[in-house]
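Participant: What follows is a structure written as structure tokens; I'll ask about it next.
The values are calculated or read from the model by the stated rules, or taken from the named source; none is laboratory data. What you see is a predicted model, and the numbers here were worked out from it, not measured in a lab. Backbone-built Cβ (ideal geometry, glycine too); neighbour counts: all protein chains shown.
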Amino acid sequence: MRGVLEGVRVLDFGRYIAGPYCATLLADFGAEVIRVERRDGSEDRFVAPVGEGGAGALFLQVNRNKKSVTLDPMKAEGQEVMRRLVATADVVVANLPPQTLRAMKLDYDSLKAIKPDIILTTATAFGNPGPWSDRVGFDGVGQVMSGAVYMTGAGDPPYRAAVNWVDFGTALHCAFGTLAALIERGNSGRGQIVEGALLATALSFTNATLIEQAVIDVNRVPTGNLGQTSAPSDIYRTRDGWVLCQVTGNPLFRRWAKLMGEEAQWLNDPRFADDISRGNHGKIISERTARWCAGRTTQEAVDTLGAAMIPTGPVLSPQQALDHPHIRAAGFMQEIDYPGLPRAAPVARAAVKLSETPGKIAARPPTIGEHTDSVLSELGYDTAAIAALRQGGII
């Protein structure tokens, strides 16, 4: 089946998550993505090593469906190779600092001089304009500056999330922006810059909390897993583990009260009349839910809550997540073999399905420079020229 982005060529100069995962999503839906990295492999290739040669779990996750070309773009011969590549491309993805983009001649003006309708998709830590525009940063910077870390945990110390949600959220925004730019180019023939920022993503995800603060000066403080704007909303101990239960809205609260067998007590008390009132008295409601959960196994709790149409889920370890029957049955993961791994890696498929033009994982992540010769041959380099570039340390 033809991918919806078939015919689109993307050059991926991205590193770590925001750029590479943006390019991966484009690849999943048919774009040809060429990852350009250093001759010995870029540093993000080796994060959380799981195989021979240092192949990293993060790399395996965010680089399927790509080709790999090694190149030193800081040398004159490397610049010539890059110019030829750019001339064939529709999109360049490079989540690199502005000064690095300029040094590598990957800034928009340089790219546009080669390919007038090129789309440059980039992401920085802090965005611009602003006094911190040229600073660098990782996912955690967005987390701590958006209010999210302040509100997480019990407050001393504050906790950042172990999952890089700011990076992945930025990748999603950048992929969305790239698709919008491709549509616009199809209409007008113009390329443009698509710019994401870690801090912008984090602020967009925490925006409701910031709006509440700005409008009513609520000055909330962290309360662990206990929700603040509705109840019950917490993580509860069971006889053999933990479960999450989240109730928002009067219909859900009525179902919860019925499940507790105490409708009159909870539905007629003015302290629990609406979500915000329930949130203000959340400890009372949470204590009742905790007693209910404590007498049940995790499976019994989630099955009973689920049957009552109350949002719930078990707290799973990574291994339990891999083994969970629904996760397996839904096909969210695909087993991918990669050279040097002791066993296949479960790589998450694109988390959105299209009924007519679905995305797919068609190829494992590439080894270092696996496609250098074939890509350069397409650009007009013969065997001798490729050998000379390799001898000269360009590829």
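Participant: Just to be sure before I move on: is residue 222 over 22 Å from residue 166 (Cα atoms) and either at pLDDT 95 or above or of a type in the set (Lys, Arg) (or both) in the structure I sent?
Facilitator: Here the answer is no, as residue 222 does not meet what is asked.
Participant: Now, a different point. Of the residues in region 249-266, how many are surrounded by fewer than 15 Cβ atoms within 10 Å (Cβ to Cβ) and over 17 Å from residue 309 (Cα atoms)?
Facilitator: Residues in region 249-266 being surrounded by fewer than 15 Cβ atoms within 10 Å (Cβ to Cβ) and over 17 Å from residue 309 (Cα atoms): 3 in total.
Participant: Still on this model: Do we have residue 148 as in a loop (DSSP other than H, G, I, E, B) and surrounded by 19 or more Cβ atoms within 10 Å (Cβ to Cβ) here?
Facilitator: Criteria met by residue 148.
Participant: A follow-up question, please. So which of 125, 181, 175 ends up being under 16 Å from residue 94 (Cβ atoms), in contact with a strand residue (DSSP E or B) (Cβ under 6 Å, 6 or more places away or on another chain) and at pLDDT 95 or above?
Facilitator: Answer to the selection: 181.
Participant: Which residue pairs have Cβ atoms closer than 9 Å, lie 6 or more positions apart in sequence or on different chains, and pair a first residue in region 127-139 that is closer than 18 Å to residue 204 by Cα with a second residue that is charged (D, E, K, R)?
Facilitator: What qualifies is 127/195; 128/134; 128/195; 138/167; 139/160; 139/167.
Participant: Let me ask you something else. Which one of the conditions (1) touching a Lys or Arg at 6+ places or on another chain (Cβ under 9 Å); (2) under 30 Å from residue 306 (Cα atoms) does residue 184 fail to meet, given that it meets all the rest?
Facilitator: (2)
Participant: Name the pairs: first residue in region 307-321 and free of Cβ contacts under 8 Å to residues at least 40 places away in the same chain and under 18 Å from residue 237 (Cβ atoms), second residue of a type outside the set (D, E, K, R) and assigned to a loop (DSSP other than H, G, I, E, B), Cβ to Cβ under 7 Å, at least 6 apart or on different chains?
Facilitator: The qualifying pairs are 316/324.
Okay, residues lined up against (1) assigned to a loop (DSSP other than H, G, I, E, B); (2) aromatic (Phe, Trp, Tyr); (3) in contact (Cβ under 8 Å) with a residue 40 or more places away in the chain; (4) not assigned by TED's automatic domain parsing to the domain that holds residue 137:
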site	(1), (2), (3), (4)
24	no, no, yes, no
41	yes, no, yes, no
45	no, no, yes, no
68	no, no, yes, no
99	no, no, no, no
106	yes, no, yes, no
110	no, no, no, no
123	no, no, yes, no
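Participant: Also: Checking the conditions here, which among 189, 177 is in the same structural domain as residue 20 (by TED's automatic domain parsing) and within 24 Å of residue 58 (Cα to Cα)?
Facilitator: Of 189, 177, the one residue that is in the same structural domain as residue 20 (by TED's automatic domain parsing) and within 24 Å of residue 58 (Cα to Cα) is 177.
Participant: Restricting attention to region 253-280, and to residues there that are out of contact with any His (no Cβ under 8 Å at 6 or more places or on another chain) and among the aromatic types (Phe, Trp, Tyr), which single residue is nearest to residue 229 (Cα to Cα)?
Facilitator: The extreme case among them is 253.
Participant: Next question. Just to be sure I understand, how many residues within region 153-174 are under 24 Å from residue 62 (Cβ atoms) and among the acidic types (Asp, Glu)?
Facilitator: Number satisfying all stated conditions: 1.
Participant: Next question, about the same structure. Of these, 286, 355, which one is in a loop (DSSP other than H, G, I, E, B) and either outside the structural domain of residue 49 (by TED's automatic domain parsing) or loosely packed, with under 14 Cβ neighbours inside 10 Å (or both)?
Facilitator: That would be 355, the only listed residue that is in a loop (DSSP other than H, G, I, E, B) and either outside the structural domain of residue 49 (by TED's automatic domain parsing) or loosely packed, with under 14 Cβ neighbours inside 10 Å (or both).
Participant: Just give me the residues in region 223-241 being buried (at least 16 other Cβ atoms within 10 Å of the Cβ) and more than 13 Å from residue 279 (Cα to Cα), in sequence order.
Facilitator: Listed by number, the residues that qualify are 235, 236, 238, 241.
Participant: Let me ask something else about it. Quick one: in region 62-76, which of the residues that are at pLDDT 95 or above and over 16 Å from residue 41 (Cβ atoms) is farthest from the chain's Cα centre (by Cα)?
Facilitator: Going through the qualifying residues, I end up with 65.
Participant: If a residue must be part of a loop (DSSP other than H, G, I, E, B) and more than 20 Å from residue 19 (Cβ to Cβ), how many such residues does region 187-232 contain? Don't jump to the end; show me each part of the working.
Facilitator: In the first step, residues of region 187-232 are kept if they are part of a loop (DSSP other than H, G, I, E, B); the result is 189-192, 206, 217-232.
Within this subset, residues satisfying the condition of being more than 20 Å from residue 19 (Cβ to Cβ) are 189-190, 206, 217-232.
Qualifying residue count for the region: 19.
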